[in-house]
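Everything below concerns the one structure shown next.
The values are calculated or read from the model by the stated rules, or taken from the named source; none is laboratory data. Values in this document were obtained by computation on a predicted structure and should not be read as measured data. No Cβ is skipped: glycine too gets one built from the backbone with ideal geometry, and neighbour counts run over all protein chains shown.
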Amino acid sequence: MSDEELLKLRGGGFFEELEKKTKELQKEGKRPKLLLHSCCAPCSSACLEYLVKNFNVTAFYYNPNISIKEEYDKRVSEMKRLVNIYDGDVSLAEGRYDIRDFLDAVKGLEKEPEGGLRCVKCFRLRLYETARVAAENGFDYFTTTLTISPLKNAAVLNALGREASEKFGSEFLPSDFKKRGGYQRSIELSKEYGLYRQDYCGCAFSKAEREAFKKKKAEENCK
Ligand code: SF4
């Protein structure tokens with residue numbers, strides 16, 4: 001499937017698939033090892049709360065899309081703080097941080113709006129690396145916190161998760177963490193833990209888009 005076709009994907013049922021899988025594992029008395037690609041601490045908070053009940057989770061912080069080093073460091077340090085709250089029940093692994101990996105992946109798509117083709121490349125980069133690390137380190141499953149965002153298409157993310165699974169031979173756990181109040185719960189937990197919540201996705205292009213939006217709003221309010 002081309003990236004253009006991927007972007008047209010709609011549909012759901014991914015949270016139900018996750019619940020079905022989880023129930024099967026419970027019945028079998030299994031507690032599998034899960035590598036959870038984590039985009040940031042606020043999004044990870046509700047995902048971890050849900051997953052730790054049934055999985056041994058390692059949060060995998062792999063986000064070369066974050067263009068400002070200080071911002072990257074801030075998000076990593078918030079992840080460390082969040083994982084510490086779980087007092088040994090969750091581990092944290094940090095992936096390689098080299099912004100060139102992201103810039104090479106999205107070359108020519110810099111002007112795409114958020115949610116467009118640039119994001120497909122960005123999701124694929126992060127999911128492929130997660131699938132690769134999961135396969136090389138004996139994880140039973142991998143998945144991503146990205147599906148908790150109402151701004152991100154879960155059908156695209158789940159299709160890319162399956163694509164990564166086929167490529168690297170690790171098993172993808174379907175997800176749509178925003179469902180059943182998941183996104184709302186991430187806001188509540190972020191407040192409770194005092195987590196830093198950034199107001200843009202991560203790359204320089206999304207930051208510029210956000211700043212242009214805020215400027216436009218401010219100008220409208222002055223009229
Ligand atoms: S907007 Fe977000 S998902 Fe899209 S390319 Fe930028 S960092 Fe990646």
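The one condition from (1) among the aromatic types (Phe, Trp, Tyr); (2) within 15 Å of the ligand (Cβ to nearest atom); (3) crowded, with 21+ Cβ neighbours inside 10 Å that Phe213 does not meet is (3). Exactly one condition in (1) away from the ligand (no atom under 16 Å from the Cβ); (2) modelled with pLDDT under 95 is not met by Ala208; state its number. Ala208 satisfies all of (1) away from the ligand (no atom under 16 Å from the Cβ); (2) modelled with pLDDT under 95 except (1). The criterion of at least 2 residues that are over 20 Å from Asp3 (Cα atoms) and touching a residue at least 40 places away in the same chain (Cβ under 8 Å) is met, among helices (runs of 4 or more DSSP H) falling completely within the range 114-223, by 117-136, 182-193, 204-222.
Residue pairs whose Cβ atoms lie under 8 Å apart, separated by 6 or more positions or on different chains, with the first residue in the range 61-76 and of a type in the set (A, V, I, L, M) and the second part of a helix (DSSP H, G or I) and near the ligand (Cβ under 10 Å from one of its atoms), are Ile68/Ala204; Ile68/Lys207.
If you take the residues in the range 29-65 that are more than 15 Å from Tyr196 (Cα to Cα) and among the aliphatic types (A, V, I, L, M), which one is farthest from the chain's Cα centre (by Cα)? Ranking the qualifying residues of the range 29-65, first place goes to Val52.
Inside the range 140-173, can you point out the residues that are within 13 Å of Leu51 (Cβ to Cβ), crowded, with 18+ Cβ neighbours inside 10 Å and out of contact with any Cys (no Cβ under 6 Å at 6 or more places or on another chain)? Show your work before the answer.
To start, the set of residues in the range 140-173 that are within 13 Å of Leu51 (Cβ to Cβ) comprises 140-145, 147-148, 173.
If we keep only those that are crowded, with 18+ Cβ neighbours inside 10 Å as well, we get 141-145, 147-148, 173.
Scanning the range 140-173 gives Tyr141, Phe142, Thr143, Thr144, Thr147, Leu173.
Counting just the residues of the range 60-99 that are hydroxyl-bearing (Ser, Thr, Tyr), within 15 Å of the ligand (Cβ to nearest atom) and not in a strand (DSSP E or B), which one comes out modelled with the lowest pLDDT? Before the answer, list the steps.
Start the filter on the range 60-99 by keeping residues that are hydroxyl-bearing (Ser, Thr, Tyr), which leaves 61-62, 67, 72, 77, 86, 91, 97.
Restricting the remaining residues to those that are within 15 Å of the ligand (Cβ to nearest atom) gives 61-62, 67, 72, 97.
Adding the requirement that they be not in a strand (DSSP E or B) leaves 62, 67, 72, 97.
Values: Tyr62: 98, Ser67: 92, Tyr72: 97, Tyr97: 98.
So, considering only residues that are hydroxyl-bearing (Ser, Thr, Tyr), within 15 Å of the ligand (Cβ to nearest atom) and not in a strand (DSSP E or B), the one modelled with the lowest pLDDT is Ser67.
Please report, ordered by residue number, the helices (runs of 4 or more DSSP H) entirely within the range 1-51 with at least 1 residues that are modelled with pLDDT of 95 or more, among the charged types (D, E, K, R) and under 30 Å from Asp73 (Cβ atoms).
Working: elements: 3-7, 14-27, 41-51.
Those helices (runs of 4 or more DSSP H) span 41-51.
Among the numbered conditions (1) more than 15 Å from the ligand (Cβ to nearest atom); (2) in contact with a helix residue (DSSP H, G or I) (Cβ under 6 Å, 6 or more places away or on another chain); (3) of a type in the set (A, V, I, L, M), the only one that Val133 does not meet is (2).
Residues of the range 94-139 being hydroxyl-bearing (Ser, Thr, Tyr) and under 25 Å from Pro150 (Cα atoms), which ones? It would help to see each step written out before you state the result.
Going through the range 94-139, the residues hydroxyl-bearing (Ser, Thr, Tyr) turn out to be 97, 128, 130.
Correct list: Tyr128, Thr130.
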